[in-house]
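Let me begin by presenting the structure, written as structure tokens, before commenting on it.
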There are 2 protein chains.
Amino acid sequence: MCGITAYAGKESALPFLLQGLEKLEYRGYDSAGVTLVSNHHLETYKAKGRLTNLKELLNEKEHPEHTGIGHTRWATHGVPSNMNSHPHTNESETISIVHNGIIENYASIKECLLEQGYTFQSQTDSEVIVHMLDYYYQGDMMYALKKCVKYLQGSFALCVVCTDYPDCVFVAKKESPMILGKTDTSAFCASDIPAVLDYTKDICALEDGQMAVLRPGSIVVYDFFGDPVSTTWMHISYDACAAQKGGYDTFMQKEMHEQPYVIKETLRAHIENNLAMPELSGLDVSKINQIYYVACGTAYHASLYAQYLLRTWIDLPIYCISASEFRYGNYRIDENTLCIFVSQSGETADTLAALKLSKENKAQTLSVTNVLGSSLARLSDYVLYTCAGPEIAVASTKAYTTQLVLLACLCLKLASLFNKGVVCKNHMINQLKQMPDAVEQMLAQEEKMAEFAKLLTNQKDAYFIGRQLDYLSVLEGALKLKEVSYVHADAYMAGELKHGPIALIEKDTVVIALATQPSVAQKTISNILETAARGAKVILIASQSQNTEGFEYVIRIPDVDPLLSCIPATVLLQELAYYVAKEKGCDVDKPRNLAKSVTVE
Amino acid sequence: MCGITAYAGKESALPFLLQGLEKLEYRGYDSAGVTLVSNHHLETYKAKGRLTNLKELLNEKEHPEHTGIGHTRWATHGVPSNMNSHPHTNESETISIVHNGIIENYASIKECLLEQGYTFQSQTDSEVIVHMLDYYYQGDMMYALKKCVKYLQGSFALCVVCTDYPDCVFVAKKESPMILGKTDTSAFCASDIPAVLDYTKDICALEDGQMAVLRPGSIVVYDFFGDPVSTTWMHISYDACAAQKGGYDTFMQKEMHEQPYVIKETLRAHIENNLAMPELSGLDVSKINQIYYVACGTAYHASLYAQYLLRTWIDLPIYCISASEFRYGNYRIDENTLCIFVSQSGETADTLAALKLSKENKAQTLSVTNVLGSSLARLSDYVLYTCAGPEIAVASTKAYTTQLVLLACLCLKLASLFNKGVVCKNHMINQLKQMPDAVEQMLAQEEKMAEFAKLLTNQKDAYFIGRQLDYLSVLEGALKLKEVSYVHADAYMAGELKHGPIALIEKDTVVIALATQPSVAQKTISNILETAARGAKVILIASQSQNTEGFEYVIRIPDVDPLLSCIPATVLLQELAYYVAKEKGCDVDKPRNLAKSVTVE
């Protein structure tokens, strides 16, 4: 969950390293650091906190060096501090490394190295790597790196520089993302594509179990035995400018406002050809007798929605399980199983591990992701892409709503594959076509939600309640609020309130309730009245026809099929979270402790 | 969720009414009231808050009246106030009623009555009943009551007194509990058995769709058409003294300490005969192709445990669904379905409704309850009883752990029915036998947990984390803490922390982590370290063999099979919740807003 950059070329290394770290800052920002390879010595700079601290430090002198590595950190082992920041250097300061991932056996390696007389500066798992390299290094860095990667358990994306190789960066990858880029005179490496796009469009994704040596204008890729392997280079056409705020205060706000457009884009191809979904051709449903949706965080909420829809339409066991539970759970996975993975980045570590597990057990695998060529996309049997474009804000908005509409399409398609036809298909397609407009109407209500948000500015807690599909929406609404505003938000099934949680309701506690599902809305209203009877202030999101007499803070979603009402409702909940965070002065795009793409467990 | 008492007899009514309300106070205590039938007029007394307020009011004079009704209220419609308290009286003060339940169509009835010129004193749904009775009453109360119950939608347990019938109480029941009791000279009615046990052991449970007329020494039961029906009277032998604190500060503490004994009692019969479970004879598993566990609150957590166990042992779709979601969800329920319901009281409204729905759809039904002759027990095809004894504290402790062990036995039994034998059966039975002792060891650690509890005394929030079975334990731990101490506690799958909730972790935030499952404990430790890196204080509950180096607040559970470690672990979490509440001076046995038996939706 850290970000890495590296450069070997004919230009000055630092500008690339820093702009790359800036683009990767969404991956973590507890601390940052760089090592530059000067004439036979290494210069390492580190600073706690945001990247600007590091920049200030570097501004003190010129940095003409042509080789270097950089890192932005999200703390896994050890508190955020200078000491624990990357790069880590050996005692003689001849080797320096940056690492992304978790070394699971670091304790035992550390013990061995301590016996060998090595001393440690930090509490991090990463530092063992540089000392192990030092231990094995006898003039041949490839040899040392090969030895090293064989001992490391866990995940790593690793960049190494060494005074004996002033023009080279050595890299190695296992279960943490790393991409390579090159021009005629330079070689680049980074954790994600946007970090290099200003410099090159020629990109290659390093695979698990591969190492590479970067030199000015050349990159050679090897396997962990040191044998050269061939690689596939792609030319990326999308524009790095997309990753700008375009007039909005924050990326989150910009991305919320892109939703009508990206939902339309995501739907376009599928609706035009009446859900033909050629991406799924080859999928044999005849022997499938169970379906798992597997995902984490926001994507897990999208998957719960897909589970609900599909259960409405087909009679098969359909499960939705958090990836971190799935991979260690006692679930039956076999050749009669279809596993569907959902991840914006396509790099979520637990989801990726769950995919590998499913493949080992011969399940058919299908991924829904937003990133072309991501690990999830490369490894799945079938892939569907959301067209949300790059999402920069850590709290997911447009990626989530595009997942919802794409999963609705997928469920309709699966229903017709399993059932040879769904009664409601045309109705649902027509309703899906209304979604961009429905979301647009919700965005027009931004000011009203900003007003409601004031109720929460001085609150430490918030309770979200709903039933059926409304419960799934409030799960996401509560997650959004806690992510960006640090309000301790909780979501409850409205019917469970009385079985305990209602003890927390006091005078002026804010309850956010959804009543968009006609079959249960009146029951939810009864539950809301019980909280109101205890002094709660209620923000009510309701359908057009719902009687909301007696409620002060009411907002209505457009008249859409109840199976889709979560889409406009979610946009309102995003706005609520956003404005609470703004009102409280939080850093909306980069909430504390969080990183965009969770590439460790 | 209110409590009702009524008396018609030769003695003074008030002592019975008040002692009964006291025994029922666990069902709600927002307000209380009584109506006594004097010589041709009604005397009604109401007081907001606890029952003692009402008693003070009544102490002002003598009350020799022989007929009366009483009520203790848990607010559903309208804030707790004198105005909204029961009994409700008609304008001429000739009819008075108490009601438990929810009248769903009260708004439309109210509208009609307003048109007829009736005026309303309260915001409650219940008040419509007394005015409707007044409207239909023309000298024959049975006629008026028959008319009334036909119009009422929702649930009700209803008692009526009227100046024209100074010796009578009229009662009616639909989907809210009501029991009758009698002696040669008196007739009693109440919401639950303990309320009458000091006066009589001869009890009869009124069924849905029945009315009754209570007179001194006689009770006649009718259906809603007014035709007499026969009833079954039971002689109850258990001693009302059981409902005393027996030397402990609170019922909750007493009930926690009863756990070794009641777990042993619950296991005894089943283990003695090697899980023969004659209660299930007749259960035909040959055509069952799916199993639902359905429950609310704490019992829902017990059901999640049973789902996990059964999934480990048999290959069938096994679902666990909150009753309030199940009854309105789009679940397939048919003759190939086994539905298992769990409820301490056997009267939980949503669970009962889910049972009725399952029966309508021809599912086989099995209930796990603590109360002999409860509605759930009467209506299910098969019943298993926990032997927890009466649980008085609102927060469930011994009922939960007895549910866990009984469900473990049930899962083993089902596994052998489905699979013709489970490899681990004898091992599991041996391990189950260790549970009373394991729980005893945890109770001996009470002081240590009391010490740890001090970390939480000044905290508004707490986060519980765990993976796999540990996640299910922390769900219950968090519920317990919020119920009794009002600390806003949340439970997360440890692997989901990084996908949002970790944003809430600050310096000194308290995280309670469970690491009792060897296959995932190390992963949980990694997640805990991430919270510690952000300044969290961690209370760690771990297995004997777990490395817990570096953690300050560690407590270990005995060496038991990981599938059962939730039982001792839960006891520690109960103690934690208890001591936080004690330290904060909360009313442990009667938390605010909560009621013991949730007999409304």
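The values are calculated or read from the model by the stated rules, or taken from the named source; none is laboratory data. All figures in this text were calculated on a predicted structure; none of them were measured in a lab. Neighbour counts are summed over all protein chains in view; Cβ atoms, including those assigned to glycine, are modelled from backbone coordinates with ideal geometry. With ligands, DNA and RNA removed, areas are computed over all heavy atoms of the protein, side chains included. Shrake-Rupley method; radii C 1.70, N 1.55, O 1.52, S 1.80 Å.
Structure notes:
- Taking the criterion of being basic (Lys, Arg) and open to solvent by less than 40 Å² (accessible area, probe 1.4 Å), the only residue of the range A:166-180 that qualifies is A:Lys173.
- Selected residue (criterion: nearest to the other protein chains (Cβ to nearest Cβ)) from residues of the range B:485-504 that are among the hydroxyl-bearing types (Ser, Thr, Tyr) and not in a strand (DSSP E or B): B:Tyr486
- Meets criteria (in the same structural domain as B:Phe418 (by the TED database) and under 12 Å from the mean Cα position of the chain (by Cα)) for B:Ala388: no
- Residue in the range A:231-242 that is closer than 20 Å to A:Leu407 by Cα, of a type in the set (A, V, I, L, M, F, W, C), more than 14 Å from chain B (Cβ to nearest Cβ) and outside any loop (DSSP other than H, G, I, E, B) present: no
- Count of the range A:248-279 residues which are at pLDDT below 90 and of a type in the set (Phe, Trp, Tyr): 2
- Unmet requirement for B:Ala269, which otherwise passes all of (1) of a type in the set (A, V, I, L, M, F, W, C); (2) touching a Leu at 6+ places or on another chain (Cβ under 9 Å); (3) open to solvent by 30 Å² or more (accessible area, probe 1.4 Å); (4) free of Cβ contacts under 8 Å to residues at least 40 places away in the same chain: (2)
- Residues of the range A:101-154 satisfying the condition of being open to solvent by 20 Å² or more (accessible area, probe 1.4 Å), in contact (Cβ under 8 Å) with a residue 60 or more places away in the chain and among the hydrophobic types (A, V, I, L, M, F, W, C): A:Met142
- Flag for A:Lys460 being open to solvent by 30 Å² or more (accessible area, probe 1.4 Å), without any contact (Cβ under 8 Å) to a residue 40 or more places away in the chain and under 27 Å from the mean Cα position of the chain (by Cα): yes
- Yes/no for B:Gln468 being facing another protein chain (nearest Cβ under 7 Å) and among the polar types (S, T, N, Q): yes
- Residues being open to solvent by less than 30 Å² (accessible area, probe 1.4 Å) and in a loop (DSSP other than H, G, I, E, B) - total across the range B:186-212: 6
- Scanning the range A:531-546 for residues that are within 13 Å of A:Leu455 (Cβ to Cβ) and either more than 14 Å from chain B (Cβ to nearest Cβ) or touching a Cys at 6+ places or on another chain (Cβ under 7 Å) (or both) yields A:Ile539, A:Leu540.
- Matching residues, the range B:188-213, being touching a Pro at 6+ places or on another chain (Cβ under 8 Å) and aliphatic (A, V, I, L, M): B:Ala205
- Number of the condition not met by B:Glu451 [criteria: (1) farther than 11 Å from B:Val580 by Cα; (2) of a type in the set (D, E, K, R); (3) more than 10 Å from every other protein chain (Cβ to nearest Cβ)]: (1)
- So B:Tyr300, is it within 14 Å of chain A (Cβ to nearest Cβ) and either open to solvent by less than 20 Å² (accessible area, probe 1.4 Å) or touching a residue at least 24 places away in the same chain (Cβ under 8 Å) (or both): yes
- Exclusive hit being open to solvent by less than 10 Å² (accessible area, probe 1.4 Å) and touching a residue at least 24 places away in the same chain (Cβ under 8 Å), set A:Ala415, A:Ala353: A:Ala415
- Summed over the range A:156-185, the residues that are in a loop (DSSP other than H, G, I, E, B) and either within 24 Å of A:Asn105 (Cβ to Cβ) or not assigned by the TED database to the domain that holds A:Val37 (or both) give a count of 3.
- When B:Glu496, B:Glu476 are screened for being in contact with an Asp or Glu (Cβ under 9 Å, 6 or more places away or on another chain), surrounded by 24 or more Cβ atoms within 10 Å (Cβ to Cβ) and among the acidic types (Asp, Glu), only B:Glu496 passes.
- Test: residue in the range B:333-349 that is at pLDDT 95 or above and charged (D, E, K, R): yes
- When B:Thr524 is tested against (1) within 29 Å of B:Met428 (Cβ to Cβ); (2) outside any helix (DSSP H, G or I), just one condition goes unmet, and that condition is (2).
- Residue in the range B:49-66 that is within 14 Å of another protein chain (Cβ to nearest Cβ), open to solvent by 40 Å² or more (accessible area, probe 1.4 Å) and within 30 Å of B:Ala349 (Cα to Cα) present: no
- Test: residue in the range B:135-155 that is assigned to a loop (DSSP other than H, G, I, E, B), within 14 Å of chain A (Cβ to nearest Cβ) and on the phi < 0 side of the Ramachandran plot: yes
- Cβ separations smaller than 7 Å between residues 6+ apart or across chains give the following pairs from the range B:579-601 residues that are more than 28 Å from B:Gly101 (Cα to Cα) to residues that are of a type in the set (A, V, I, L, M) and open to solvent by 20 Å² or more (accessible area, probe 1.4 Å): B:Tyr579/B:Ala450.
- Residue match in the range A:83-100 (condition: acidic (Asp, Glu), under 27 Å from A:Tyr7 (Cβ atoms) and modelled with pLDDT under 90): no
- Flag if A:Ala581 is in a loop (DSSP other than H, G, I, E, B), within 11 Å of chain B (Cβ to nearest Cβ) and surrounded by 24 or more Cβ atoms within 10 Å (Cβ to Cβ): no
- Criterion (among the small types (Gly, Ala, Ser), touching a residue at least 12 places away in the same chain (Cβ under 8 Å) and in contact with a helix residue (DSSP H, G or I) (Cβ under 7 Å, 6 or more places away or on another chain)) met by exactly one of A:Ser519, A:Ser473: A:Ser473
- The range B:303-324, residues that are out of contact with any Cys (no Cβ under 9 Å at 6 or more places or on another chain) and closer than 28 Å to A:Lys498 by Cα: B:Ile318, B:Tyr319, B:Cys320, B:Ile321
- Screening the range A:499-520 for residues that are of a type in the set (Gly, Ala, Ser), at pLDDT below 95 and in contact with an Asp or Glu (Cβ under 8 Å, 6 or more places away or on another chain) and picking the one that is surrounded by the most Cβ atoms within 10 Å (Cβ to Cβ) gives A:Gly500.
- Filter result for the condition that a residue is under 22 Å from B:Leu42 (Cα atoms), touching a residue at least 60 places away in the same chain (Cβ under 8 Å), polar (S, T, N, Q) and surrounded by fewer than 24 Cβ atoms within 10 Å (Cβ to Cβ), over B:Thr163, B:Thr183: B:Thr163
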